[in-house]
1. Work out the FRET efficiency for B:Val71 and A:Asn240 from their Cβ-Cβ distance, taking R0 = 45 Å, and round it to the nearest 0.05.
2. Tell me, in nm to one decimal, what length is gained between A:His395 and A:Glu219 on full extension, where the rule is 0.36 nm per residue of separation less the Cα-Cα distance?
3. Run through all the Cα pairs of chain B and give the fraction in each 5 Å bin from 0, expressed as whole percent.
4. Strictly greater than 28 Å: what percent of every Cα pair in segment A:273-416 meets that?
5. Less than 12 Å Cβ to Cβ from A:Thr222, Lys/Arg counted +1 and Asp/Glu -1: what total charge do the surrounding residues give?
6. Can you give the Kirkwood hydrodynamic radius for segment B:59-168, in Å, rounded to one decimal and based on Cα pairs?
7. How far is helix A:383-393 tilted, in degrees, relative to the longest principal axis of the Cα atoms in chain A, given as a value from 0 to 90 rounded to the nearest 10?
8. Each label point is 7 Å from the Cα along the Cα-to-Cβ direction; what then is the distance between the points at A:Ala32 and A:Leu59, in nm?
Amino acid sequence: MKFLTKINRNFFMLFAAMLLVICIAGYFILQAMFLESARESLARKSTLIQHQIEQTGKLPQFDPLSQVTVIPKPAGRLKPSIKEVELFNSHEDELEPYAEYTKKVFINGTYYNIQLREETIEKDDLIFSLGVALFLLLVATFSISFFVNRRMNKTIWKGFEENLHAIEQFNFRNNAPLHLESTHIDEFDRLNTIVYGLTNKLKEDYRSLKEFTENASHELQTPLAIVLLNLEELLQQPLNEDAFKKTITSINALKRLSHLNQSLLLLAKIENNQFSAEENIDINEVLQRKLIEFEPLLHAKKITVEWTEKAICFWKINHYLAEILINNLLSNAVNHNIPHGNITISTKNGEFLICNTGNKSQFSDEIIFNRFVKGDSKSHGLGLAIVKQICETHHASIHYEQKERHCFRLTLPKYQ
Amino acid sequence: MKLLIVEDEVDLLIAISNYLTKENYLCELADSYHKAEEKIVLYEYDVILLDITLGDGNGLDLLKSIKKHNVQAGIIILSAKNSLDDKISGLDLGADDYMTKPFQLTELNSRIKALLRRRKFDGSHLVAFNEITLDTDSKSVIVNKQRITLTRKEYELLLYFMINKNRVLTKEAIAEHLWEDNVDLSDNFDFIYTHMNNLRKKIKRCGGNDYIKTLYGMGYQFTDQ
């Protein structure tokens, strides 16, 4: 729910409750006021009657609503009273409310009871008119607040909404700076300042982390080179079988470490968009060239390769990255294949598919591209992570499916 | 052959020069930009191995100075950065080859030899070992005066063995030399045996000796000892 809507809803509900209370209170107050005014006018009338009796000694004749009777000496004090009664009105054929004023007086040794009545306002009428007033007031308030809010949305909230959108679009990976409009509203401008501060801090941290990864990887390569060179020299000495095997195992472990390091460095560089020079790459050409390179590997595992579909397929990408991507996908298809298995390749406009036979894998589409996810192979588990990273930085998407075969479907961006 | 090795990491510098001295190169060492620049101006070299990240300067600047004073020298860049930009600008500035650390000494030796052959420093394009002679120009192999036909990979394998003769080579190093870093080989080296066996058969067929010695199933040595 929008902030304004929320405020309005609360405000409106509170306002409606208040109006209802006011109306109920108003009803009682108005009723009391009508009765009081009736009492005043009837009291005046009774005083006139009283004077008339005093002067004439006769009972005056009135309309049927007024009655003056001689009564015996009443008990208690002589006190006027007013109350509301309902009498049948034959004209309108219904009960009508009347204010009834009763006064007992003592004039010239006789007690009289003066009872005067006056028609008063109907309760239904009062409730109805109050209800109408309440409804009209609510409608008026609601529509006014609706229009005011719409205007406010366009003016006061516009800057805020735009800034929210800018923050939503902001991404550390592309280096575009965050730009927020000044709203000239203290709270929003304060929020802008805070967001600026936060993003700058985060950006700085992100950048230094990237730099650290890169520098650390570089710095690792030199000591690795020294150890590797010395081990290689050691291997040239006359060694017994045990020492020989240990040296070779150490060399191979060091090489794995070095490859891992280079792959991490490559990932960091792709994330940092350090491969900017893009050109239109013919995917078919790269695939064919790579397949020739892979020939000995394919031959050793007796894997056959088949093109099920071959259409023109171009991708605007850095050529070095294109080679790495195809290379890693093919490596994956070979390394996780079974002896005498096969690989099928299909290229279409805007999409290509590489499928291979192989044992059932435990990884799903969500997991397989994560870093350091590896099946039974001795690889470092970064090959497909690099593929995914390249796809992400080039607005392509890649998905993995496992049916009777393992398939990687790469969908190229639409603008091609 | 006179070599200059420019590398600010002294341990690495010594390891490289020890190996290359054994391979009968005359090595001179420089562990800083300053020292390297001095040597480049004063002396002439056949090959210069150049580290890009030096403590007191950038190897790429040194490259420009080499091109001015030591025109005939072949240059191999040794870099910890596997950076495409550095590689391109290095090669643009006139370097002949680019190697990423860590590299293997046998690989370095192969690259130096290849560079020397390209520049005809040896005065010969022939690599010989007893009855086997390899012509790097025509990429042909002669065993006992008989010409044998090898596939590209078999030829490269034989050349690698002959240049690094008597040295113990791991099968990983051989695989990497033949396919560089392009193929993620992981644990699959079976295909090397196929190439190795074909090569052995072809040489034997012409009456050549089998110089490829297998060491404990993990390494190889091309030797007549």
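The values are calculated or read from the model by the stated rules, or taken from the named source; none is laboratory data. Computed from a predicted structure; not experimentally measured. Cβ coordinates were reconstructed from backbone atoms using ideal geometry, including for glycine residues, and neighbour counts include every protein chain displayed. The protein model used for the area step is the full one, side chains on, heavy atoms only, and it has no ligands, DNA or RNA in it. Shrake-Rupley method; radii C 1.70, N 1.55, O 1.52, S 1.80 Å.
1. On the way: r = 50 Å, r/R0 = 1.10.
Plugging the Cβ-Cβ distance into 1/(1 + (r/R0)^6) gives 0.35.
2. 60.2 nm
3. 1, 6, 14, 17, 18, 15, 12, 9, 6, 3, 0, 0
4. 12 percent
5. On the way: positive: B:Lys81, B:Lys101; negative: A:Glu219, B:Glu7, B:Asp8, B:Glu9, B:Asp11, B:Asp51.
Local net charge: -4.
6. Working: mean 1/r = 0.0636 Å⁻¹.
It works out to 15.7 Å.
7. So the inclination is approximately 50 degrees.
8. 3.6 nm
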